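Heads up, the thing below is written out as structure tokens.
The values are calculated or read from the model by the stated rules, or taken from the named source; none is laboratory data. Just so it is clear, the structure is predicted and the values come from calculations on it, not from any experiment. Every residue, glycine as well, gets a Cβ built from its backbone with ideal geometry; the counts of neighbours run over all protein chains shown. Surface accessibility is based on the protein's heavy atoms, side chains included, excluding ligands, DNA and RNA. Shrake-Rupley method; radii C 1.70, N 1.55, O 1.52, S 1.80 Å.
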Amino acid sequence: MTASPAHQAPSIEIGRETAFSRDQLYFILSALPDPCFVLTRSGRYAALFGGQDTRYYHEGSYLVGKSLYDVLVVEKAQRFVREIEKALASRALHIIEYSLSGSDVKGLQNDGPEHPIWFEGRLQALDFQVDGEDAIVWVASNITEKNAVENQLRHQSETDALTGFFNRRKLMDVLALKFELFRDEHIPTSVFMFDIDHFKTVNDELGHAMGDAVLKAIAGVCRLELRKTDFLARLGGDEFVVVMPATRQEHGIVIANRLRQRVATEVRETLGHHATISGGLSEFLSADASSEDILKRADDGLYRSKRAGRNRISPA
């Protein structure tokens with residue numbers, strides 16, 4: 001199908017000089033790189049334009065006439081209908097981010113992409129009805145690559161390069177979140193702070209390469225011995241913090257002592273070096289004013305362990 005000359009079809013003037021026929025406008029819309037859907041309030045695909053960027057989009061004309069409920073699993077379809085309602089209610093540009101995976105699309109459970117594809121949706125209510133229903137324009141832009149880069153940069157900004165543990169900034173964010181859960185829902189949380197005994201001597205006598213090897217070995221032990229729900233952070237130097245959600249202090253002490261014993265064995269067997277850790281462990285208390293209170297108590301417990309002879313865990 002080709003565009004009709006302007007004198008053979010109704011034309012629309014844009015600005016003062018340029019006029020396009022309706023057919024020409026149709027082809028302009030069809031050439032858009034991102035898909036542009038016209039969706040009714042009930043979730044029916046009334047029209048589709050664009051989607052010409054074949055790096056990200058497949059031909060989607062088969063959607064026209066179908067409902068979101070015909071194409072997507074019910075939970076995802078319901079979410080999209082709610083977003084349509086929001087755009088119609090606000091009458092302003094409504095921007096959302098959402099993901100689609102093979103399990104979200106009916107008939108693609110085994111044939112769809114292995115990983116979720118992320119989109120930015122820009123929704124705008126139309127000033128007229130389509131087939132007797134209020135309707136919106138929904139422009140979908142694939143932002144999977146952009147999200148991957150942003151997530152990578154965020155991960156780099158939140159983690160310690162040597163151990164792969166989270167850093168102090170991320171630790172404080174997590175502690176603040178756990179403190180809110182403790183105050184609102186009374187979920188217990190324990191915090192274990194430890195460092196390596198005589199670590200300065202390791203660096204001074206055996207060199208920083210051996211010091212780094214000890215740090216990485218201990219990080220490996222932590223990953224093996226601690227639970228997947230535990231949060232691991234390196235404060236800097238040889239100081240580490242483990243946040244243990246849903247854990248009372250008496251249980252946390254058992255976990256911390258098991259880790260302490262395993263560290264000594266692993267470093268000796270893998271590096272031929274004697275290394276132990278000392279730590280302090282505390283639990284959120286109702287009297288705490290902020291998440292920093294528990295960190296201070298754990299730090300106090302660490303120094304009590306040092307004064308008591310090292311290679312031990314002190315409750316605080």
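State the number of residues belonging to segment 79-95 that are within 25 Å of the chain's Cα centre (by Cα), of a type in the set (A, V, I, L, M) and farther than 22 Å from residue 49 by Cβ. Count: 0. Candidates 205, 133: the one that is in the same structural domain as residue 50 (by the TED database) and either over 30 Å from residue 285 (Cα atoms) or surrounded by 15 or more Cβ atoms within 10 Å (Cβ to Cβ) (or both) is 133.
Of 262, 223, all but one fail to be basic (Lys, Arg) and touching a residue at least 24 places away in the same chain (Cβ under 8 Å); the exception is 262.
From the list 91, 183, 168, which one is on the phi > 0 side of the Ramachandran plot and basic (Lys, Arg)? Testing whether each residue is on the phi > 0 side of the Ramachandran plot and basic (Lys, Arg) leaves just 91. Yes or no: segment 213-233 includes at least one residue that is small (Gly, Ala, Ser), over 22 Å from residue 186 (Cα atoms) and open to solvent by 40 Å² or more (accessible area, probe 1.4 Å). No, because not a single residue in segment 213-233 is small (Gly, Ala, Ser), over 22 Å from residue 186 (Cα atoms) and open to solvent by 40 Å² or more (accessible area, probe 1.4 Å).
In summary, residue 97 fulfils each of the numbered conditions (1) assigned to a strand (DSSP E or B); (2) among the acidic types (Asp, Glu); (3) open to solvent by less than 20 Å² (accessible area, probe 1.4 Å) with the single exception of condition (3).
Residues that are in the same structural domain as residue 184 (by the TED database), within 29 Å of the chain's Cα centre (by Cα), touching a residue at least 60 places away in the same chain (Cβ under 8 Å) and under 22 Å from residue 168 (Cα atoms) occur at least once in segment 295-313. Looking at segment 178-196, can you tell me whether even one residue there is open to solvent by 30 Å² or more (accessible area, probe 1.4 Å), aliphatic (A, V, I, L, M) and under 30 Å from residue 315 (Cα atoms)? Within segment 178-196 (the criterion being open to solvent by 30 Å² or more (accessible area, probe 1.4 Å), aliphatic (A, V, I, L, M) and under 30 Å from residue 315 (Cα atoms)), the answer is yes, since at least one residue qualifies.
Among what's in segment 47-78 and is in a helix (DSSP H, G or I) and surrounded by fewer than 16 Cβ atoms within 10 Å (Cβ to Cβ), pick the residue that is nearest to the chain's Cα centre (by Cα). Among those that are in a helix (DSSP H, G or I) and surrounded by fewer than 16 Cβ atoms within 10 Å (Cβ to Cβ), it is 75. Just checking, does segment 118-128 include any residue being touching a residue at least 40 places away in the same chain (Cβ under 8 Å) and in the same structural domain as residue 50 (by the TED database)? Yes, that holds for at least one residue. Every listed requirement among (1) at pLDDT 90 or above; (2) open to solvent by 70 Å² or more (accessible area, probe 1.4 Å); (3) of a type in the set (D, E, K, R) is met by residue 17 save one, (1).
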